[in-house]
Amino acid sequence: QVQLVESGGGLVQAGGSLRLSCAVSGDTFRRYAMGWFRQAPGKEREVVAAINWSGEDTYYTASVKGRFTISRDNAQNTVYLQMNSLKPEDTAVYYCAARSGRAVLVTPKRYDYWGQGTQVTVSS
C-alpha cells in the first residue's frame, strides 16, 4: 500500500505561483508512475501532469504547458508540481495519484492510490 499526502495549496492572485508537494509513504516508491489531477466544481477530474517512475517521461495537459512543471525526488519520496503564471481557470482541488508501473497514463481510473487533495484558488 501507498499513502499520499498533498500540501502547498492555498490562495494566490492571478499571475502568481504555487508549489505543490506530494509526500509518499508506505511501500516502495521506486516503480510508481505519478500524476497530478484536478477537479473544479461541476467538472470531471482531469489530468494536469504525469511523470514516470524514473522521471524521464512527462505529460502535461495543453492548458498548463509552459506554466507547470512536474518533478520527483525519489530520495525524498516526494513529487512536486510547480505552478507558475496561475490563472483563475486553474482553481480546483488538486490531487496527487500513484499507479503501479512505469507508463505515464492520463486516465484517473488507471491510478491506484490517491491523496486527499489540496485546494488551489486563484483570484482575478
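Taking the Cβ of Thr118 as the center, what net charge do the other residues with Cβ under 15 Å away carry, scoring Lys and Arg +1 and Asp and Glu -1?
Neighbourhood net charge equals +1.
Which aspartates and glutamates does Lys87 reach when only Cα atoms under 18 Å apart count, and residues fewer than 8 places away in its own chain are ignored?
Glu46
With only Lys, Arg, Asp and Glu charged, each at its Cβ (+1 for the first two, -1 for the last two), find how big the charge dipole of the chain is about the Cα centre; round to the nearest 20 debye.
Value, rounded to 20: 160 debye.
Suppose R0 equals 41 Å. What FRET efficiency, 1/(1 + (r/R0)^6) with r the Cβ-Cβ distance, do Ala23 and Ser123 give to the nearest 0.05?
After rounding to 0.05, the efficiency reads 0.90.
Want the number for Ala40 to Ser63: 0.36 nm per residue separation, take away the alpha-carbon distance, what's left?
Length difference between fully extended and current span is 6.9 nm.
How far, in nm, would the chain grow between Glu89 and Ser54 when pulled straight, counting 0.36 nm per residue and subtracting the alpha carbon separation?
Gain on extension, Glu89 to Ser54, equals 9.6 nm.
Of Ser123, Ala49, Ala103, which is farthest along the charge dipole of the chain in the positive direction, counting Lys and Arg as +1 and Asp and Glu as -1 at C-beta?
Ala103
Per residue, how much accessible area does the range 71-122 show when a 1.4 Å probe rolls over the protein heavy atoms, in square angstrom?
48 Å²
Got a number for carbon plus sulfur as a percent of the chain's accessible area, 1.4 Å probe?
Using a 1.4 Å probe with all protein chains present, the chain comes out at 44 percent carbon and sulfur.
Please identify every one of the GluC sites (Glu not before Pro) in the range 1-84 that sits in a loop by DSSP and has no more than 16 other beta carbons within 10 Å of its own beta carbon.
Taking the range 1-84 and a limit of 16 other Cβ atoms within 10 Å, the loop GluC sites (Glu not before Pro) found are Glu44, Glu56.
Any idea what the relative contact order of the range 1-70 is, in percent, if you count C-alpha pairs under 8 Å spaced at least 6 apart?
The value is 21 percent.
If I model a spin label as a point 7 Å beyond the Cα along the Cα-Cβ vector, how far apart are those points for Ser71 and Gln1 in nm?
In this crude label model, Ser71 to Gln1 measures out at 3.2 nm.
The values are calculated or read from the model by the stated rules, or taken from the named source; none is laboratory data. Given the structure is predicted, the values throughout are model-derived calculations rather than measurements. Note: ideal-geometry Cβ built from the backbone for every residue, glycine included; neighbour counts use all protein chains shown. These accessible areas exclude ligands, DNA and RNA; they are computed on the full protein's heavy atoms, side chains included. Shrake-Rupley method; radii C 1.70, N 1.55, O 1.52, S 1.80 Å.
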